[in-house]
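**Q** Please find one structure pasted underneath; my questions will follow.
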Amino acid sequence: MDIFATAVLARVVESLNRPQSFLLDAFFPQVQTEVSEEIHFDIDSSRPTLAPFVSPLVAGKAQVEDGFTTKSFKPAYVKEKRRFNPNDPMKRQIGEAIGGTMTPAQRREFALNRSLARMLERLTRRKEWMASSVLRTGTVTVVGDDYPSKLVDFGRHGDLTEALTSGDRWGETDVSPYDDVQAWIGLVQTNGGGAVTKVVMDPKAWALFWADPTVQKLLDLRRPVGTDGLYNGLVVRGQTDAGMAPKFEMYHGNIGSVEFWTYSQPYTDDAGDTANFMPDYTVILAGPALEGVRAYGAVLDEAAGYQALEYFVKSWLENDPAVRWLLLQCAPLIVPYRPNASFCATVR
(Lines give C-alpha, C1' and ligand atoms only; values in the text may rest on other atoms or scores of the structure.)
Protein backbone atom coordinates (compact mmCIF):
# COMPACT_ATOMS: atom_id res chain seq x y z
CA MET A 1 0.00 0.00 0.00
CA ASP A 2 1.23 3.47 -0.90
CA ILE A 3 0.95 5.41 2.36
CA PHE A 4 1.36 8.69 0.45
CA ALA A 5 -1.64 8.12 -1.86
CA THR A 6 -4.28 10.84 -1.56
CA ALA A 7 -7.00 8.49 -0.30
CA VAL A 8 -4.67 6.92 2.27
CA LEU A 9 -3.49 10.32 3.50
CA ALA A 10 -7.11 11.40 3.96
CA ARG A 11 -7.82 8.31 6.09
CA VAL A 12 -4.68 8.85 8.18
CA VAL A 13 -5.55 12.49 8.86
CA GLU A 14 -9.13 11.57 9.75
CA SER A 15 -7.94 9.01 12.31
CA LEU A 16 -5.51 11.34 14.09
CA ASN A 17 -6.44 12.90 17.42
CA ARG A 18 -7.49 16.50 16.99
CA PRO A 19 -5.59 19.16 18.93
CA GLN A 20 -7.51 21.24 21.45
CA SER A 21 -9.70 24.02 20.16
CA PHE A 22 -11.81 25.24 23.08
CA LEU A 23 -13.11 28.48 21.53
CA LEU A 24 -13.88 26.82 18.20
CA ASP A 25 -15.72 23.93 19.84
CA ALA A 26 -17.62 26.13 22.29
CA PHE A 27 -18.73 28.92 19.94
CA PHE A 28 -18.11 27.87 16.30
CA PRO A 29 -19.31 24.25 16.07
CA GLN A 30 -20.84 24.36 12.57
CA VAL A 31 -18.98 23.82 9.29
CA GLN A 32 -19.82 25.59 6.02
CA THR A 33 -18.15 24.74 2.71
CA GLU A 34 -18.51 26.76 -0.47
CA VAL A 35 -17.26 25.75 -3.92
CA SER A 36 -15.90 29.16 -4.91
CA GLU A 37 -12.84 31.28 -4.23
CA GLU A 38 -14.96 33.55 -2.05
CA ILE A 39 -16.76 32.72 1.18
CA HIS A 40 -20.22 34.30 1.47
CA PHE A 41 -21.82 34.80 4.85
CA ASP A 42 -25.00 36.47 6.10
CA ILE A 43 -24.93 38.88 9.04
CA ASP A 44 -28.26 39.11 10.86
CA SER A 45 -29.14 42.81 11.17
CA SER A 46 -32.68 42.37 12.49
CA ARG A 47 -33.91 44.31 15.54
CA PRO A 48 -36.36 43.21 18.26
CA THR A 49 -39.19 45.49 17.09
CA LEU A 50 -42.85 45.27 18.13
CA ALA A 51 -45.90 44.55 16.01
CA PRO A 52 -47.88 47.80 15.46
CA PHE A 53 -51.34 48.53 16.89
CA VAL A 54 -54.03 49.63 14.41
CA SER A 55 -57.79 49.92 14.34
CA PRO A 56 -59.53 46.75 13.13
CA LEU A 57 -61.25 48.94 10.53
CA VAL A 58 -58.06 50.11 8.76
CA ALA A 59 -55.64 48.31 6.54
CA GLY A 60 -52.58 46.70 8.04
CA LYS A 61 -49.39 48.73 7.90
CA ALA A 62 -46.61 47.38 5.71
CA GLN A 63 -43.40 46.76 7.64
CA VAL A 64 -39.86 46.94 6.31
CA GLU A 65 -37.89 43.78 6.90
CA ASP A 66 -34.59 44.31 8.70
CA GLY A 67 -33.34 41.13 7.09
CA PHE A 68 -29.65 40.43 6.82
CA THR A 69 -26.52 41.62 5.07
CA THR A 70 -24.61 39.25 2.81
CA LYS A 71 -20.86 39.75 2.77
CA SER A 72 -18.12 37.96 0.92
CA PHE A 73 -14.42 37.44 1.53
CA LYS A 74 -11.72 35.77 -0.50
CA PRO A 75 -9.75 33.98 2.21
CA ALA A 76 -6.02 33.60 2.39
CA TYR A 77 -4.72 30.08 2.01
CA VAL A 78 -3.31 28.13 4.89
CA LYS A 79 -0.47 26.02 3.51
CA GLU A 80 1.79 23.70 5.47
CA LYS A 81 4.58 21.97 3.55
CA ARG A 82 7.02 19.29 4.79
CA ARG A 83 10.09 17.74 3.16
CA PHE A 84 11.01 14.07 3.65
CA ASN A 85 14.70 13.43 3.00
CA PRO A 86 15.70 10.05 1.52
CA ASN A 87 17.99 9.27 4.48
CA ASP A 88 15.31 9.90 7.13
CA PRO A 89 14.07 6.26 7.24
CA MET A 90 17.61 5.19 8.08
CA LYS A 91 17.73 7.34 11.25
CA ARG A 92 16.27 6.61 14.67
CA GLN A 93 12.95 8.36 15.20
CA ILE A 94 11.96 10.31 18.31
CA GLY A 95 10.96 7.87 21.06
CA GLU A 96 12.60 4.89 19.34
CA ALA A 97 15.00 2.85 21.47
CA ILE A 98 18.71 3.60 21.12
CA GLY A 99 20.11 1.37 18.41
CA GLY A 100 16.80 1.28 16.59
CA THR A 101 13.91 -1.19 16.67
CA MET A 102 11.98 -0.07 13.59
CA THR A 103 12.41 -0.94 9.93
CA PRO A 104 12.96 1.86 7.39
CA ALA A 105 9.36 1.41 6.20
CA GLN A 106 8.04 1.71 9.76
CA ARG A 107 10.12 4.83 10.34
CA ARG A 108 8.75 6.38 7.17
CA GLU A 109 5.16 5.67 8.27
CA PHE A 110 5.92 7.02 11.76
CA ALA A 111 7.41 10.21 10.29
CA LEU A 112 4.37 10.66 8.05
CA ASN A 113 1.94 10.36 10.96
CA ARG A 114 4.00 12.73 13.07
CA SER A 115 4.17 15.33 10.28
CA LEU A 116 0.44 15.13 9.61
CA ALA A 117 -0.29 15.54 13.32
CA ARG A 118 1.91 18.65 13.48
CA MET A 119 0.18 20.09 10.41
CA LEU A 120 -3.24 19.59 11.98
CA GLU A 121 -2.07 21.17 15.23
CA ARG A 122 -0.79 24.27 13.46
CA LEU A 123 -3.95 24.56 11.34
CA THR A 124 -6.15 24.23 14.43
CA ARG A 125 -4.14 26.88 16.27
CA ARG A 126 -4.59 29.26 13.34
CA LYS A 127 -8.36 28.76 13.39
CA GLU A 128 -8.41 29.09 17.18
CA TRP A 129 -6.49 32.38 16.77
CA MET A 130 -9.17 33.58 14.34
CA ALA A 131 -11.94 32.54 16.75
CA SER A 132 -10.23 34.46 19.55
CA SER A 133 -10.01 37.59 17.41
CA VAL A 134 -13.67 37.37 16.37
CA LEU A 135 -14.86 36.92 19.95
CA ARG A 136 -12.64 39.67 21.36
CA THR A 137 -13.01 42.34 18.67
CA GLY A 138 -15.80 41.33 16.29
CA THR A 139 -13.18 41.39 13.53
CA VAL A 140 -10.28 39.35 12.20
CA THR A 141 -7.24 40.60 10.28
CA VAL A 142 -5.85 38.23 7.66
CA VAL A 143 -2.32 38.84 6.40
CA GLY A 144 0.39 36.60 4.98
CA ASP A 145 3.09 36.13 2.35
CA ASP A 146 1.98 37.82 -0.89
CA TYR A 147 -1.40 38.43 0.73
CA PRO A 148 -2.06 42.08 1.67
CA SER A 149 -3.50 42.74 5.11
CA LYS A 150 -7.32 42.62 5.09
CA LEU A 151 -9.66 43.40 7.96
CA VAL A 152 -12.89 41.38 8.04
CA ASP A 153 -15.36 43.37 10.14
CA PHE A 154 -18.48 41.44 11.12
CA GLY A 155 -20.25 44.58 12.31
CA ARG A 156 -20.52 43.91 16.02
CA HIS A 157 -22.06 46.84 17.93
CA GLY A 158 -19.43 49.11 19.47
CA ASP A 159 -20.96 48.77 22.95
CA LEU A 160 -20.05 45.07 22.93
CA THR A 161 -16.30 45.68 23.15
CA GLU A 162 -15.14 47.45 26.30
CA ALA A 163 -11.90 48.29 28.11
CA LEU A 164 -12.49 49.34 31.70
CA THR A 165 -10.79 52.54 32.80
CA SER A 166 -9.41 53.78 36.11
CA GLY A 167 -12.02 53.66 38.85
CA ASP A 168 -14.02 50.91 37.10
CA ARG A 169 -11.37 48.22 36.80
CA TRP A 170 -11.76 44.90 38.58
CA GLY A 171 -9.84 44.79 41.83
CA GLU A 172 -10.41 48.48 42.56
CA THR A 173 -12.44 49.75 45.50
CA ASP A 174 -16.25 49.44 45.23
CA VAL A 175 -16.08 47.64 41.86
CA SER A 176 -18.18 44.46 41.66
CA PRO A 177 -17.12 42.05 38.89
CA TYR A 178 -20.37 40.14 39.41
CA ASP A 179 -22.44 43.26 38.74
CA ASP A 180 -20.38 43.99 35.62
CA VAL A 181 -20.94 40.52 34.18
CA GLN A 182 -24.67 40.74 34.85
CA ALA A 183 -24.78 44.14 33.10
CA TRP A 184 -22.85 42.77 30.12
CA ILE A 185 -25.21 39.81 29.80
CA GLY A 186 -28.07 42.33 29.64
CA LEU A 187 -26.15 44.39 27.08
CA VAL A 188 -25.86 41.38 24.77
CA GLN A 189 -29.60 40.75 25.08
CA THR A 190 -30.41 44.42 24.48
CA ASN A 191 -28.46 44.34 21.23
CA GLY A 192 -30.37 41.31 19.97
CA GLY A 193 -27.67 38.81 20.84
CA GLY A 194 -29.87 36.39 22.75
CA ALA A 195 -28.90 34.50 25.88
CA VAL A 196 -25.32 34.27 27.13
CA THR A 197 -24.54 30.72 28.26
CA LYS A 198 -20.75 30.84 28.72
CA VAL A 199 -18.38 33.35 30.27
CA VAL A 200 -14.71 32.65 29.50
CA MET A 201 -11.86 34.42 31.29
CA ASP A 202 -8.11 34.20 31.41
CA PRO A 203 -6.78 33.17 34.87
CA LYS A 204 -5.90 36.74 35.91
CA ALA A 205 -9.41 38.01 35.21
CA TRP A 206 -10.84 34.97 36.99
CA ALA A 207 -8.80 35.66 40.13
CA LEU A 208 -10.37 39.12 40.35
CA PHE A 209 -13.86 37.76 39.59
CA TRP A 210 -13.56 35.02 42.24
CA ALA A 211 -12.47 37.59 44.82
CA ASP A 212 -15.95 39.12 44.66
CA PRO A 213 -17.90 37.84 47.74
CA THR A 214 -21.12 37.75 45.70
CA VAL A 215 -19.51 35.35 43.23
CA GLN A 216 -18.29 33.06 46.02
CA LYS A 217 -21.80 33.02 47.45
CA LEU A 218 -23.67 32.31 44.21
CA LEU A 219 -21.31 30.13 42.16
CA ASP A 220 -22.48 26.52 41.99
CA LEU A 221 -19.39 24.30 41.71
CA ARG A 222 -21.23 21.09 40.84
CA ARG A 223 -21.38 19.51 37.41
CA PRO A 224 -23.21 16.39 36.18
CA VAL A 225 -21.44 13.13 37.00
CA GLY A 226 -19.71 11.57 34.00
CA THR A 227 -18.58 14.80 32.36
CA ASP A 228 -15.09 14.32 30.91
CA GLY A 229 -12.18 15.69 32.88
CA LEU A 230 -13.96 16.03 36.22
CA TYR A 231 -12.21 15.96 39.54
CA ASN A 232 -14.50 16.63 42.51
CA GLY A 233 -16.80 18.54 40.18
CA LEU A 234 -14.12 20.63 38.50
CA VAL A 235 -12.33 20.34 35.18
CA VAL A 236 -8.68 20.72 36.07
CA ARG A 237 -6.56 22.78 33.71
CA GLY A 238 -3.32 20.98 32.97
CA GLN A 239 -4.81 17.59 33.92
CA THR A 240 -3.64 14.68 31.76
CA ASP A 241 -5.00 11.20 31.32
CA ALA A 242 -3.02 8.36 29.80
CA GLY A 243 -2.29 9.20 26.17
CA MET A 244 -4.07 12.57 26.37
CA ALA A 245 -2.71 16.08 25.92
CA PRO A 246 -2.94 18.66 28.73
CA LYS A 247 -6.17 20.59 29.06
CA PHE A 248 -6.00 24.37 28.90
CA GLU A 249 -9.63 25.04 29.83
CA MET A 250 -11.13 24.77 33.28
CA TYR A 251 -14.77 24.75 34.35
CA HIS A 252 -15.32 26.67 37.59
CA GLY A 253 -19.08 26.43 38.05
CA ASN A 254 -22.29 28.14 37.05
CA ILE A 255 -24.56 30.91 38.24
CA GLY A 256 -28.04 30.08 37.04
CA SER A 257 -27.79 28.95 33.41
CA VAL A 258 -24.43 30.67 32.77
CA GLU A 259 -21.24 28.60 32.91
CA PHE A 260 -17.92 30.12 33.97
CA TRP A 261 -14.65 28.91 32.46
CA THR A 262 -11.00 29.88 32.36
CA TYR A 263 -8.90 29.26 29.27
CA SER A 264 -5.17 29.74 29.00
CA GLN A 265 -3.56 28.18 25.93
CA PRO A 266 -0.26 29.67 24.70
CA TYR A 267 0.98 29.81 21.12
CA THR A 268 3.90 31.28 19.20
CA ASP A 269 2.86 34.13 16.91
CA ASP A 270 4.13 34.98 13.44
CA ALA A 271 6.91 37.10 14.92
CA GLY A 272 8.15 34.21 17.05
CA ASP A 273 6.84 35.66 20.32
CA THR A 274 4.81 33.74 22.89
CA ALA A 275 1.20 34.89 23.20
CA ASN A 276 -2.08 33.55 24.54
CA PHE A 277 -5.45 33.02 22.88
CA MET A 278 -6.94 34.77 25.93
CA PRO A 279 -4.79 37.85 26.70
CA ASP A 280 -4.39 38.93 30.32
CA TYR A 281 -7.53 40.29 32.02
CA THR A 282 -9.86 39.28 29.16
CA VAL A 283 -13.52 38.32 29.66
CA ILE A 284 -15.62 36.90 26.81
CA LEU A 285 -19.38 36.32 26.92
CA ALA A 286 -21.29 34.40 24.24
CA GLY A 287 -23.82 31.66 23.58
CA PRO A 288 -25.38 29.50 20.86
CA ALA A 289 -27.16 32.56 19.40
CA LEU A 290 -23.78 33.57 17.96
CA GLU A 291 -24.36 30.92 15.28
CA GLY A 292 -20.61 30.51 14.87
CA VAL A 293 -19.41 28.79 11.71
CA ARG A 294 -16.10 27.48 10.41
CA ALA A 295 -16.34 28.41 6.73
CA TYR A 296 -14.08 27.02 4.01
CA GLY A 297 -13.59 28.17 0.44
CA ALA A 298 -12.53 26.00 -2.47
CA VAL A 299 -9.04 24.50 -2.56
CA LEU A 300 -7.64 25.59 -5.91
CA ASP A 301 -5.90 22.35 -6.67
CA GLU A 302 -6.76 19.92 -9.46
CA ALA A 303 -5.93 16.98 -7.20
CA ALA A 304 -8.58 18.23 -4.74
CA GLY A 305 -11.16 18.57 -7.51
CA TYR A 306 -11.43 22.30 -6.74
CA GLN A 307 -13.73 21.39 -3.85
CA ALA A 308 -14.27 23.26 -0.58
CA LEU A 309 -12.72 21.08 2.11
CA GLU A 310 -11.76 21.50 5.74
CA TYR A 311 -8.28 20.56 4.57
CA PHE A 312 -6.67 18.73 1.67
CA VAL A 313 -3.44 16.77 1.93
CA LYS A 314 -1.34 15.53 -0.97
CA SER A 315 2.16 14.25 -1.56
CA TRP A 316 4.55 13.99 -4.49
CA LEU A 317 8.05 12.70 -5.18
CA GLU A 318 10.98 14.51 -6.74
CA ASN A 319 13.07 11.95 -8.55
CA ASP A 320 16.48 13.65 -8.50
CA PRO A 321 17.30 14.02 -5.69
CA ALA A 322 14.80 11.54 -4.27
CA VAL A 323 12.84 13.86 -1.99
CA ARG A 324 9.18 13.50 -1.03
CA TRP A 325 6.98 16.50 -0.24
CA LEU A 326 3.84 16.63 1.88
CA LEU A 327 1.38 19.54 1.57
CA LEU A 328 -1.73 20.53 3.54
CA GLN A 329 -4.04 23.24 2.16
CA CYS A 330 -7.29 24.94 3.15
CA ALA A 331 -9.03 28.32 2.84
CA PRO A 332 -10.69 29.02 6.22
CA LEU A 333 -12.66 31.86 7.76
CA ILE A 334 -14.29 31.85 11.21
CA VAL A 335 -17.70 33.56 10.99
CA PRO A 336 -20.24 34.71 13.62
CA TYR A 337 -23.61 34.93 11.83
CA ARG A 338 -24.96 36.99 14.75
CA PRO A 339 -21.94 38.97 15.94
CA ASN A 340 -23.98 40.87 18.55
CA ALA A 341 -24.32 37.62 20.48
CA SER A 342 -20.80 38.08 21.87
CA PHE A 343 -19.12 40.57 24.20
CA CYS A 344 -15.55 41.16 25.31
CA ALA A 345 -14.09 43.29 28.08
CA THR A 346 -10.57 44.02 29.25
CA VAL A 347 -11.03 44.39 32.98
CA ARG A 348 -7.64 45.64 34.17
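The values are calculated or read from the model by the stated rules, or taken from the named source; none is laboratory data. Remember, predicted model here, so these are calculated numbers, not experimental data. Cβ sites come from the backbone with ideal geometry, for glycine too, and all protein chains shown count toward neighbours.
**Q** Here are some conditions: (1) surrounded by 13 or more Cβ atoms within 10 Å (Cβ to Cβ); (2) modelled with pLDDT of 75 or more. Residue 16 meets all but one. Which one does it not meet?
**A** Looking at each condition in turn, residue 16 falls short on (2).
**Q** Restricting to region 249-271, count the residues that are at pLDDT 90 or above, out of contact with any Phe, Trp or Tyr (no Cβ under 6 Å at 6 or more places or on another chain) and over 19 Å from residue 217 (Cα atoms).
**A** 4
**Q** In region 266-302, how many are outside any loop (DSSP other than H, G, I, E, B) and either within 26 Å of residue 117 (Cα to Cα) or not polar (S, T, N, Q) (or both)? Even if it seems obvious, please write down each step before you answer.
**A** Step one: of region 266-302, the residues outside any loop (DSSP other than H, G, I, E, B) are 266-268, 274-276, 282-286, 288-290, 292-296, 298, 302.
Applying the additional criterion that residues be either within 26 Å of residue 117 (Cα to Cα) or not polar (S, T, N, Q) (or both) yields 266-268, 274-276, 283-286, 288-290, 292-296, 298, 302.
Qualifying residue count for the region: 20.
**Q** Can you tell me how many residues in region 182-224 are part of a helix (DSSP H, G or I) and within 21 Å of residue 340 (Cα to Cα)?
**A** Let us first name the residues in region 182-224 that are part of a helix (DSSP H, G or I), namely 182-190, 203-210, 213-218.
Going one step further and asking which of them are within 21 Å of residue 340 (Cα to Cα), we end up with 182-190.
Here the count works out to 9.
**Q** Take the residues of region 272-281 that are in contact with a Phe, Trp or Tyr (Cβ under 7 Å, 6 or more places away or on another chain) and touching a residue at least 24 places away in the same chain (Cβ under 8 Å): which is surrounded by the fewest Cβ atoms within 10 Å (Cβ to Cβ)? Quick ask: steps written out before the conclusion?
**A** Step one: filter region 272-281 for residues in contact with a Phe, Trp or Tyr (Cβ under 7 Å, 6 or more places away or on another chain), giving 275, 277-278.
Now restrict to residues that are touching a residue at least 24 places away in the same chain (Cβ under 8 Å): 277-278.
Numbers: 277: 24, 278: 28.
Going through the qualifying residues, I end up with 277.
Conditions (1) in a helix (DSSP H, G or I); (2) of a type in the set (A, V, I, L, M); (3) over 30 Å from residue 215 (Cα atoms), marked per residue:
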| site | (1), (2), (3) |
| --- | --- |
| 102 | no, yes, yes |
| 108 | yes, no, yes |
| 148 | no, no, yes |
| 180 | yes, no, no |
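**Q** Shifting gears a bit: What number goes with the only condition from (1) modelled with pLDDT of 75 or more; (2) surrounded by 14 or more Cβ atoms within 10 Å (Cβ to Cβ); (3) in contact with a Leu (Cβ under 9 Å, 6 or more places away or on another chain) that residue 41 does not pass?
**A** Checking residue 41 against (1) modelled with pLDDT of 75 or more; (2) surrounded by 14 or more Cβ atoms within 10 Å (Cβ to Cβ); (3) in contact with a Leu (Cβ under 9 Å, 6 or more places away or on another chain), the one that fails is (1).
**Q** Just one of (1) at pLDDT 95 or above; (2) within 18 Å of residue 124 (Cα to Cα); (3) surrounded by 19 or more Cβ atoms within 10 Å (Cβ to Cβ) trips up residue 286, so point out which.
**A** So the condition that residue 286 fails would be (2).
**Q** Considering only strands (runs of 3 or more DSSP E) fully contained in region 303-348, which possess at least 3 residues that are within 17 Å of the chain's Cα centre (by Cα)? If you could, list the steps in order and put the result at the bottom.
**A** Details: elements: 312-318, 323-330, 332-336, 342-346.
Where strands (runs of 3 or more DSSP E) fall fully within region 303-348 and carry at least 3 residues being within 17 Å of the chain's Cα centre (by Cα), they are 332-336, 342-346.
**Q** Then there is this: From the set of residues in region 19-33 that are polar (S, T, N, Q) and within 18 Å of residue 262 (Cα to Cα), which is modelled with the lowest pLDDT?
**A** Applying the first criterion (polar (S, T, N, Q)) to region 19-33 yields 20-21, 30, 32-33.
Those left that are additionally within 18 Å of residue 262 (Cα to Cα): 20-21.
Working: 20: 75, 21: 90.
Here the residue is 20.
**Q** Filter region 105-155 down to the residues that are farther than 16 Å from residue 22 by Cβ, basic (Lys, Arg) and either over 22 Å from the mean Cα position of the chain (by Cα) or surrounded by 18 or more Cβ atoms within 10 Å (Cβ to Cβ) (or both) and list them by number.
**A** 107, 108, 114
**Q** If you scan region 315-331, which residues turn out to be modelled with pLDDT of 90 or more and surrounded by fewer than 22 Cβ atoms within 10 Å (Cβ to Cβ)?
**A** Correct list: 327, 329.
**Q** Quick one: residue 106 ticks every box in (1) free of Cβ contacts under 8 Å to residues at least 12 places away in the same chain; (2) closer than 24 Å to residue 281 by Cα bar one, so which box is it?
**A** With respect to (1) free of Cβ contacts under 8 Å to residues at least 12 places away in the same chain; (2) closer than 24 Å to residue 281 by Cα, residue 106 is out only on (2).
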